[in-house]
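A.B. asks: Please read through the structure below; I'll follow up with questions.
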Ligand SMILES: Cc1ncc(C[n+]2csc(CCOP(=O)(O)OP(=O)(O)O)c2C)c(N)n1
């Protein structure tokens, strides 16, 4: 049998799985062997500035490429710093393999320095884990890969010590994972409900991102309005005549959905819904990768397995219902205007920050991918950025973590070289991952970071109610992001008016490397906007 080191066998397995890049912050052990072994197979390593940021990069790369991604970290603090990223990969259903340096069995008997129980910490977050794999390292990788691409996609942990990475280990075949075909009887039951419906509506979720053609065909066949979750933006384009709006489970999308007599959930993972009671009385068909409880509503029919196959089967039998196109269009406009913001003074409001960026991209002749952070700015970014294809908009929705947008933009830009990427972020979120501006600059990535800078944690400000929270607990003085961007090797500008913002965008689109546009926004419209979204 062919022999090689475990690091080589793992690298060979990663290449077979279609992994295109490693991300991370190496330690002195196995991560160095893996960097070398992967480079020998054409898989480069991107050095991040922080481990959870590396996880966000990898998660975005996995979403963009449809292939699993890998992050390398050192044991102890490297691992613990990756945990927020691991939680994102768990709740946002991203197949990211976290490979951590580890301890040999002999070391485990006496070492206490930097020793934390990676396995126990990762256990609730990962689909599978392997510690100290020994000569079966590549076989372990195959099992982890299968689990990551299982019904509920997500991360895995491989802990491997220096010595084990250097030990001899045979290569192993990597799995090709397929979801089971949907059950014919369940499809029949779904068809009967669709047949009886006059006004079916579709809510598309993250599991349908690989089924855009089938979702669109079903919507056309039914003439039904389509709502998308944040992560499913682009499965049906915002500019599509059947686009109804963004679905969060809140109030903004409710008027049109309340008219539906059947709601078809197409790959909507319950992790995507805000925790509010289900508002609708219509019957529900749930199409999902695997059987799970929706917690908000009990479906009348659930069809599980290959989501694209289910949607294709339903599309093949669909006939048009009674919706009027004009009515859908005016409801969509109603949804948009409920969320629109107007600025009181000369500073741009949050919705303007997004619509002006979309217009500047159009004028520059490009269609950037966008990554969106967590915070009040998220409502404008997710509502007003026009997505055309799945994963045109990347977001941490299940975890909804801050500090996501810039690293995700980096991961996406590396995964699809040449495509522009925008990161929409609050000032608080950017401060959590500021060092990654250096990663973007060193890799000369065409990223434009747009900061909704109000020197506040606006989303938390909105939730404070009548509590007498001191001002300095929820805000800070304006940090100078433009200066930081320049110091780290990028471009930077600070703008306070729409006119200056337009000019900065035009300049940024004409610039090859990363740019930061620090937009001093007028946040006064946030309370009305969040009230419209959530009700
Ligand atoms: C890592 C992390 N810490 C805390 C939170 C809770 N949180 C959600 S939004 C928010 C405020 C975000 O402020 P900023 O980034 O400035 O965006 P804004 O709300 O002002 O648009 C906080 C603290 C979170 N989601 N993630």
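Each value in this text was obtained by applying a stated rule to the coordinates, not by laboratory testing. Computed from a predicted model, the values in this text were never measured in an experiment. Note that each Cβ is placed from the backbone with ideal geometry, even for glycine, and that neighbours are counted across all protein chains shown.
A.B. asks: Go through the range 138-234 and tell me which strands (runs of 3 or more DSSP E), entirely inside it, have 1 or more residues that are farther than 26 Å from residue 30 by Cβ and in contact (Cβ under 8 Å) with a residue 12 or more places away in the chain.
C.D. replies: Of the strands (runs of 3 or more DSSP E) lying wholly inside the range 138-234, those with at least 1 residues that are farther than 26 Å from residue 30 by Cβ and in contact (Cβ under 8 Å) with a residue 12 or more places away in the chain span 200-204, 226-228.
A.B. asks: Sticking with this structure for a sec: For the range 472-483, check the following and say yes or no: at least one residue is buried (at least 19 other Cβ atoms within 10 Å of the Cβ) and either away from the ligand (no atom under 16 Å from the Cβ) or in a loop (DSSP other than H, G, I, E, B) (or both). Explain how you work it out, then say what you get.
C.D. replies: Let us first name the residues in the range 472-483 that are buried (at least 19 other Cβ atoms within 10 Å of the Cβ), namely 481-482.
Retained after the next criterion (residues that are either away from the ligand (no atom under 16 Å from the Cβ) or in a loop (DSSP other than H, G, I, E, B) (or both)): 482.
Looking through the range 472-483, at least one residue is buried (at least 19 other Cβ atoms within 10 Å of the Cβ) and either away from the ligand (no atom under 16 Å from the Cβ) or in a loop (DSSP other than H, G, I, E, B) (or both).
A.B. asks: Follow-up question, since we're still on this one. Among the residues of the range 452-466, are any more than 16 Å from the ligand (Cβ to nearest atom) and more than 23 Å from residue 525 (Cβ to Cβ)?
C.D. replies: Scanning the range 452-466 turns up no residue that is more than 16 Å from the ligand (Cβ to nearest atom) and more than 23 Å from residue 525 (Cβ to Cβ).
A.B. asks: Additional query: What about residue 322, is it out of contact with any strand residue (DSSP E or B) (no Cβ under 9 Å at 6 or more places or on another chain) and closer than 22 Å to residue 535 by Cα? Even if it seems obvious, please write down each step before you answer.
C.D. replies: On the way: out of contact with any strand residue (DSSP E or B) (no Cβ under 9 Å at 6 or more places or on another chain): yes; closer than 22 Å to residue 535 by Cα: no.
So residue 322 does not fit the description; no.
A.B. asks: May I pose another question? If I ask for residues that are over 16 Å from residue 77 (Cα atoms) and part of a loop (DSSP other than H, G, I, E, B), which ones from the range 21-67 would you list?
C.D. replies: Restricting attention to the range 21-67, the residues satisfying the condition of being over 16 Å from residue 77 (Cα atoms) are 21-23, 32-47, 56-67.
Result: 21, 40, 41, 42, 43, 44, 66, 67.
A.B. asks: Can you tell me which residue is farthest from residue 186 (Cα to Cα) among those in the range 283-300 that are in contact with a helix residue (DSSP H, G or I) (Cβ under 6 Å, 6 or more places away or on another chain) and surrounded by 20 or more Cβ atoms within 10 Å (Cβ to Cβ)?
C.D. replies: Selected residue: 289.
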